[in-house]
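What follows is a single structure, written as structure tokens, with notes after it.
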Amino acid sequence: MATIDITKLRKVFGDENGEIVAVDDLDLTVEDGEFLVFVGPSGCGKTTTLRCIAGLEDVTSGTIEFDGRDVTDRRARERDVAMVFQNYALYPHMTVRKNIGFPLRLSTKQSSDEIDARVEEIAGLLGIDTLLEQKPRELSGGQQQRVALGRAIIRDPEVFLMDEPLSNLDAKLRSTMRTELQELQSELGVTTAYVTHDQTEAMAMGDRIVILEGGELQQVGTPSDVYRSPANEFVAGFIGSPSINAFTADVDGGLLTGPGGFEYALDDPSLVEGYDRVRVGVRPEDLRPEVDGAMPSEVTVVEEMGNENFLYARMGDVDLTARIESEIHPEEGVTVAFGFDEEDLYLFDPKTSESIKTKTSETDISYEQYVQPGPDQ
Amino acid sequence: MREEERNEALWRFGAYIFLMVIVVLVLIPLYWMIVAATIPQSEFFSWPPRLIPGLQWFDNFQALQENVDFLNSIGNSIIIAVAYTALSLVLCSMAGFAFAKYEFRFKEPLFYFILATLVLPIQLLIIPLFLLMVQIGWTNSYLAVILPWAANPLGIFLMRQNMQAIPESLLESARMDGATEFQLYYKIALPTMLPSLAALSIILFLNQWQAFLYPLVILQDPQMYTIPLALAELVGQQRVYFDQIMVATSLAVTPIFVVFLTMQQYFIKGILSGSVKQ
């Protein structure tokens with residue numbers, strides 16, 4: 001188990017055709033035992049960062065430390081790090097038993113019997129103990145995934161790295177494996193860095209989430225932090241599904257006016273003091289139809305999900321999405337006014353896109369009254 | 001629909017007949033070799049030709065053995081071809097692995113340079129190689145036949161092409177698991193390349209088994225003769241020992257069958273499948 005300290009990490013890929021900065025001066029600490037998720041669009045540098053931690057990629061500058069030991073110049077096999085690859089990378093000529101036992105055969109002096117016992121223990125933990133004599137090509141995607149996991153955990157590494165390990169599974173299996181991975185990680189308590197492009201996965205799994213874009217760190221925080229208090233408009237747009245509705249509005253004192261007749265008077269005009277224009281953001285789940293709503297919009301599509309409805313609407317030249325109760329299904333083509341609470345409103349600086357205001361609604365509703373006495377109390 | 005099916009069946013039938021004719025044509029000389037090895041030379045040119053094997057094989061073989069010590073030549077050929085194949089497989093697969101999976105300076109030019117040596121005819125190399133072998137005193141030795149061709153450009157090319165199919169993540173995964181670079185080659189690359197290695201070993205073995213010109217120049221001592229050299233002895237200016245030649249060739253082709261049948265089991269389709277999820 002280890003704390004990972006990344007200091008001023010920079011990775012530049014270059015050839016005669018020019019240079020690409022994949023990771024740009026990244027400073028980050030992964031706490032001991034933490035499950036940290038790197039998320040961002042493709043090309044944001046998340047996988048490169050992971051590969052630098054793994055030792056599969058040389059860094060251009062900066063340092064990586066495990067528990068204060070500088071490992072920047074160490075090879076992958078000297079770092080005591082295990083990695084699960086997106087495509088699993090199982091050894092095709094070895095049985096499941098040999099695949100899982102491979103790291104131990106290489107790195108320890110344990111006897112074959114000891115290794116076998118350990119392999120069986122791990123396979124039991126992952127529920128693949130009946131598959132030990134099969135070859136990877138005889139396994140299903142989910143089983144291959146477990147073998148890859150088994151190979152990673154058998155060595156009891158200081159750090160786990162996972163590069164989109166669930167992206168090749170079908171949706172149902174993915175959510176099962178997601179839960180299993182989390183349970184496994186908390187059971188083993190190993191510091192884990194996990195890469196995904198799927199913000200839902202990031203939100204569901206991460207103790208903290210690192211959002212990267214263009215090789216630059218946008219924000220690090222708990223799922224609730226990055227959702228409620230995004231550092232900038234990019235984070236606000238990337239986290240949350242469907243995406244936040246964002247558009248530019250003119251500022252006149254405390255009055256915001258925008259496309260398609262948007263008009264909203266801020267309760268607290270001091271928020272936008274000194275701005276001519278701001279970017280306004282409202283999450284789809286915070287919108288609701290309202291008699292005098294600030295956002296008159298023409299409904300274009302209604303998607304009924306059963307438990308809720310997604311409304312797609314146009315306000316002037318802005319596309320809006322709203323998640324509303326399933327009981328309300330307006331006809332396509334009608335104009336509905338949407339309203340929201342000011343505490344759910346986001347405001348961003350139009351130039352820097354930094355956040356001016358984020359969610360301020362209540363986050364801590366007491367639940368003590370509902371707690372049932374446990375068996376041991 | 002039935003018309004189509006019947007037409008297809010007819011086509012198939014015709015194709016099989018055609019293939020069978022070809023097979024028979026190919027097999028006739030082989031069959032004649034066996035027949036000719038078992039009859040006295042006097043019956044060789046009889047007309048109509050003899051089609052049933054005789055009982056003279058052992059006599060013919062004894063004559064051959066007295067004439068050129070053919071068993072010794074078989075031994076020489078086996079030692080040379082096996083050692084050459086083994087050494088060449090190691091060298092070609094290592095070079096192929098490096099060219100396929102590592103980055104180093106002048107990699108591309110070096111690779112094309114190696115390929116370019118394929119165009120050099122053997123006749124061009126024989127005299128300088130012979131002089132070299134005389135200088136280091138290796139004439140009449142196995143090494144002199146094996147070493148100069150051990151790093152086979154064709155083999156390097158084949159191994160490089162095939163090893164490019166090894167997924168990068170497979171090697172990286174092994175690196176993370178604690179494998180050294182040599183273990184990557186030895187424990188991951190080689191086992192996954194078994195079919196290619198088997199195919200290459202057949203090519204290499206065959207090349208060395210039938211090599212004639214270079215061994216003829218280097219090996220002057222009849223005790224060191226390989227099979228092709230011993231065979232050449234049987235074709236004299238005065239007389240050609242057809243019966244003995246046929247016995248010798250029928251013995252000479254046997255190891256080729258053995259090698260092919262042994263290697264065939266490694267032609268496993270899709271050995272890399274299941275390794276990475278596409």
Item to check | Among residues of region A:145-167, those that are within 12 Å of chain B (Cβ to nearest Cβ) and on the phi > 0 side of the Ramachandran plot, counted | outcome: 1
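Picking from A:R323, A:R279, which residue would you name as being closer than 23 Å to A:K351 by Cα, in contact with a Phe, Trp or Tyr (Cβ under 7 Å, 6 or more places away or on another chain) and of a type outside the set (A, V, I, L, M)?
Working: A:R323 fails: closer than 23 Å to A:K351 by Cα.
Step by step, each of A:R323, A:R279 is checked, and only A:R279 is closer than 23 Å to A:K351 by Cα, in contact with a Phe, Trp or Tyr (Cβ under 7 Å, 6 or more places away or on another chain) and of a type outside the set (A, V, I, L, M).
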Checklist entry - Does A:A193 meet the test of being buried (at least 19 other Cβ atoms within 10 Å of the Cβ), within 14 Å of chain B (Cβ to nearest Cβ) and within 15 Å of A:Y88 (Cα to Cα)? => result no
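Here are some residues: A:R208, A:R228, A:R174. Which one is basic (K, R) and either modelled with pLDDT under 90 or not assigned by TED's automatic domain parsing to the domain that holds A:A152 (or both)?
On inspection, the qualifying residue turns out to be A:R174.
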Next on the checklist: I'd like to verify a number: residues in region A:49-85 that are more than 14 Å from chain B (Cβ to nearest Cβ) and out of contact with any helix residue (DSSP H, G or I) (no Cβ under 8 Å at 6 or more places or on another chain), how many?
Outcome noted: 13
Checklist outcome for this item: So the strands (runs of 3 or more DSSP E) completely within region A:270-377 holding 3 or more residues that are modelled with pLDDT of 90 or more and not hydroxyl-bearing (S, T, Y) are A:277-282, A:295-304, A:308-315, A:318-325, A:335-339
Checklist outcome for this item: Only one of B:S77, B:S73, B:S93 is polar (S, T, N, Q), more than 30 Å from B:P222 (Cβ to Cβ) and in contact (Cβ under 8 Å) with a residue 40 or more places away in the chain, namely B:S93
Checklist entry - Among the residues of region B:46-61, which ones are of a type in the set (A, V, I, L, M, F, W, C) and more than 17 Å from B:I28 (Cβ to Cβ)? => result B:L55, B:W57, B:F58, B:F61
Checklist entry - surrounded by 15 or more Cβ atoms within 10 Å (Cβ to Cβ), within 22 Å of B:S201 (Cβ to Cβ) and over 17 Å from the mean Cα position of the chain (by Cα): does that describe B:I114? => result yes
Checklist outcome for this item: Expected single match for over 24 Å from the mean Cα position of the chain (by Cα), in a helix (DSSP H, G or I) and closer than 30 Å to B:E168 by Cα among B:P128, B:P109 is B:P109
Next on the checklist: Quick check on B:A179: is it in contact (Cβ under 8 Å) with a residue 40 or more places away in the chain, surrounded by 17 or more Cβ atoms within 10 Å (Cβ to Cβ) and out of contact with any Cys (no Cβ under 6 Å at 6 or more places or on another chain)?
Outcome noted: no
Item to check | Of the criteria (1) at negative phi; (2) away from chain B (no Cβ under 13 Å); (3) under 20 Å from the mean Cα position of the chain (by Cα); (4) outside any strand (DSSP E or B), which one A:R97 fails | outcome: (3)
Next on the checklist: Any residue that is among the small types (G, A, S) and at negative phi - is there at least one of those in region A:168-177?
Outcome noted: yes
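The values are calculated or read from the model by the stated rules, or taken from the named source; none is laboratory data. Source: prediction; values computed, not measured. Ideal geometry is used to build each Cβ from the backbone, glycine not excepted, and the neighbour counts take in all protein chains shown.
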